[in-house]
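The values are calculated or read from the model by the stated rules, or taken from the named source; none is laboratory data. Keep in mind the model is a prediction, meaning the values are calculated, not measured. Using ideal geometry, Cβ is built from the backbone for each residue, glycine included, and neighbour counts are taken over all protein chains shown.
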Amino acid sequence: MSAIDFNAVTLLESRHVEQFVPVLREIELGDRFLLSMLHWCGIGVRSTPLAYWQIYLIKHAGEIVGVTGLYQRPETPQSAYWITWFGIRPKWRRLGLGSAAIINVAARAKARGGKELWVYTGSVDAHTVKFYESLGFEVLGPAAKYAPSQTLDDSDVVLRLML
C-alpha cells in the first residue's frame with residue numbers, strides 16, 4: 001500500500017442533521033442508516049444511549065466528500081471505539097480520501113484513550129472488508145459471535161484495529 005496522506009482530509013465535528021442528509025443520500029447508505037443517524041442527532045430516542053459519539057463530515061479541497069463517526073457503547077470496555085456511517089461520495093472515491101479519514105478517526109480514538117477500533121460491514125461486502133484490512137484491521141468474524149445485537153445483522157463481519 002502506498003503512503004496515505006493523513007492530512008488529505010479534515011474531519012469536521014457536527015451533530016446538525018441537515019448537514020448529513022444530502023451526503024448520506026448521495027452515498028446511498030440506505031434508510032436504516034439514515035434513521036439511525038437521525039436518532040444519534042437527537043431526533044427520536046436510542047434504545048441504548050451511547051457512552052460517547054461524534055459524527056464527522058469529511059472535507060477535502062473545500063468540499064464535503066463523505067461522512068463517518070466514532071462511538072463508544074456503554075457495555076464495551078472504555079478502550080474500545082467503533083466507526084460508524086463511513087462513506088465517501090462517488091466522485092471522490094479511489095483517491096485515498098477514505099483511507100485518510102479512517103486514519104484520522106483512529107487517531108481521534110487513540111487520543112481519547114482508545115486501544116481498539118472496531119467496525120462492521122455486511123457479510124457480502126468483500127470489497128469493504130479488503131479496504132479495512134489494507135488499513136491494518138483484522139477480521140474477527142460474524143457479529144453474532146463478536147458483537148451480538150450491536151450491528152444491523154448478526155451475519156455482519158466485525159473487524160478490529162489495535163491502536
Kindly indicate whether K91 is surrounded by fewer than 18 Cβ atoms within 10 Å (Cβ to Cβ), basic (K, R), over 20 Å from V129 (Cα atoms) and free of Cβ contacts under 8 Å to residues at least 40 places away in the same chain. yes
Residues of the range 78-130 being among the small types (G, A, S) and within 14 Å of the chain's Cα centre (by Cα), in sequence order, are A80, G87, G98, S99, A100, A101, A106, A107, A109, G122
Report yes if some residue within the range 74-87 is more than 18 Å from Q150 (Cα to Cα), in contact with a strand residue (DSSP E or B) (Cβ under 7 Å, 6 or more places away or on another chain) and touching a residue at least 24 places away in the same chain (Cβ under 8 Å); otherwise report no. yes
Can you spot a residue in the range 37-51 that is modelled with pLDDT of 60 or more, crowded, with 19+ Cβ neighbours inside 10 Å and not aromatic (F, W, Y)? yes
